[in-house]
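See structure below.
The values are calculated or read from the model by the stated rules, or taken from the named source; none is laboratory data. If you're wondering where the values come from, they're calculated on a predicted model, not measured in any experiment. For neighbour counting, all protein chains shown are included, and Cβ atoms are generated from backbone atoms with ideal geometry for every residue, glycine included. The protein model used for the area step is the full one, side chains on, heavy atoms only, and it has no ligands, DNA or RNA in it. Shrake-Rupley method; radii C 1.70, N 1.55, O 1.52, S 1.80 Å.
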Amino acid sequence: MEGMIIQAFNGVSLGSILLLIALGLAITFGLMKVINMAHGELIMIGAYTTYVVQVIFAQYLPATMFDMYYFLAIPIAFVVAALIGMLIEFTVIRHLYGRPLDSLLATFGVGLILQQTARSIFGAPNVGVQSPGFLRGGLEVMGVTLPYIRLFIIGLVVVSFLLLAWFLYKTRNGRKIRAVMQNREMAQCLGVSSRKVDLITFAIGSGFAGIAGAALTLIGPIGPTIGTYYIVDAFMVVVVGGVGMLIGTVAGALGIGIFNTVFEYWTNASMGKVLVFALIILFLQWRPSGMFSLQSRSLD
């Protein structure tokens, strides 16, 4: 029983991390049809922003306030990554809509520039972020210790997803984003500024990548290539779940996380990853559009 609880928790924990990483990509790739290879570097920016906030708290504020740094680091990471995402969209992406291969190459180059910039500022070696004191230890459940850090990340994912869903489905700007996504020409005819929508959408996707970077600082050290390790998994989650579908992103992340954990338990880490990729290939042959697909006249 304890083994089943541990495996289930590990699967949900890994799935929640993948979901948080893929949320931003679900917007830029799923909604905007832009292959943003710099998404991993936006995650890196969020991680380094958290590191900078930690250093400021440690050097300039009383020690009793140190544990509060993380609550400030999360929104700052979102804002910094969103602003850099807006700059990328305004200078590069805006001129490449409808040209996926060109956007892939351009954002790959942007990613290399951001990586080198991070190396110049922070150095090539990894740096560590000290977790707040209240996240140390774990919760005892039926004889199994569930780390507070993993539980906090799961809670952060839930809050982030609910905020994104509320924005897309309950606000005026969210309705504009969904309108442009489904039929850009018709939305423009109705007076929606597609350029403004594109800028806001890319900024939001980049901001969520920043939050993912802040969450990854709780798991291990960070470096200029921290986002590169997760970019393939993020694309995999979005494609499996269904391009442009938030609920599909959730299902894809949790499914991949649970299957990956199960396969690794019965084999090893490398073979588990191979089996997950094989399962995804078979699934996409059966359902090329993913678990969920968007139905609209423009797509038909």
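When you scan the stretch 49-62, do you find a residue that is over 26 Å from Arg195 (Cα atoms), among the polar types (S, T, N, Q), at pLDDT below 95 and in contact with a strand residue (DSSP E or B) (Cβ under 9 Å, 6 or more places away or on another chain), even just one? The answer is yes, given that some residue of the stretch 49-62 is over 26 Å from Arg195 (Cα atoms), among the polar types (S, T, N, Q), at pLDDT below 95 and in contact with a strand residue (DSSP E or B) (Cβ under 9 Å, 6 or more places away or on another chain).
Considering only residues in the stretch 40-52 that are among the β-branched types (Val, Ile, Thr) and open to solvent by 10 Å² or more (accessible area, probe 1.4 Å), the one that is nearest to Gly205 (Cα to Cα) turns out to be Ile45. Across the stretch 55-90, the number of residues qualifying as among the hydroxyl-bearing types (Ser, Thr, Tyr) and open to solvent by 60 Å² or more (accessible area, probe 1.4 Å) comes to 2.
Being open to solvent by 50 Å² or more (accessible area, probe 1.4 Å) and under 23 Å from Gln116 (Cβ atoms) holds for only one residue in Thr217, Thr267, Thr225, and it is Thr225.
Of all residues in the stretch 140-157, those satisfying the criterion of being surrounded by fewer than 14 Cβ atoms within 10 Å (Cβ to Cβ) and either touching a residue at least 12 places away in the same chain (Cβ under 8 Å) or part of a helix (DSSP H, G or I) (or both) are Val141, Met142, Gly143, Gly155.
Looking across the stretch 94-139, the residues that are open to solvent by 60 Å² or more (accessible area, probe 1.4 Å), out of contact with any strand residue (DSSP E or B) (no Cβ under 8 Å at 6 or more places or on another chain) and farther than 30 Å from Phe29 by Cβ come down to Pro125, Gln130, Phe134, Arg136.
The requirement of being out of contact with any Phe, Trp or Tyr (no Cβ under 9 Å at 6 or more places or on another chain), over 30 Å from Gln54 (Cα atoms) and open to solvent by 70 Å² or more (accessible area, probe 1.4 Å) is not satisfied by Leu284. Applying the criterion of being touching a residue at least 60 places away in the same chain (Cβ under 8 Å) and not aliphatic (A, V, I, L, M) to the residues of the stretch 158-177, the residue that is least open to solvent (accessible area, probe 1.4 Å) is Ser160. In the stretch 28-38 there is at least one residue that is surrounded by fewer than 22 Cβ atoms within 10 Å (Cβ to Cβ) and modelled with pLDDT under 80.
Flag: Ile211 does not match the condition of being assigned to a helix (DSSP H, G or I), surrounded by fewer than 21 Cβ atoms within 10 Å (Cβ to Cβ) and at pLDDT 80 or above. Do we have Thr249 as in contact (Cβ under 8 Å) with a residue 60 or more places away in the chain, not basic (Lys, Arg) and not in a loop (DSSP other than H, G, I, E, B) here? Yes. Just one of the listed residues (Leu254, Leu216, Leu246, Leu275) is over 14 Å from the mean Cα position of the chain (by Cα) and of a type outside the set (Gly, Ala, Ser), and it is Leu275.
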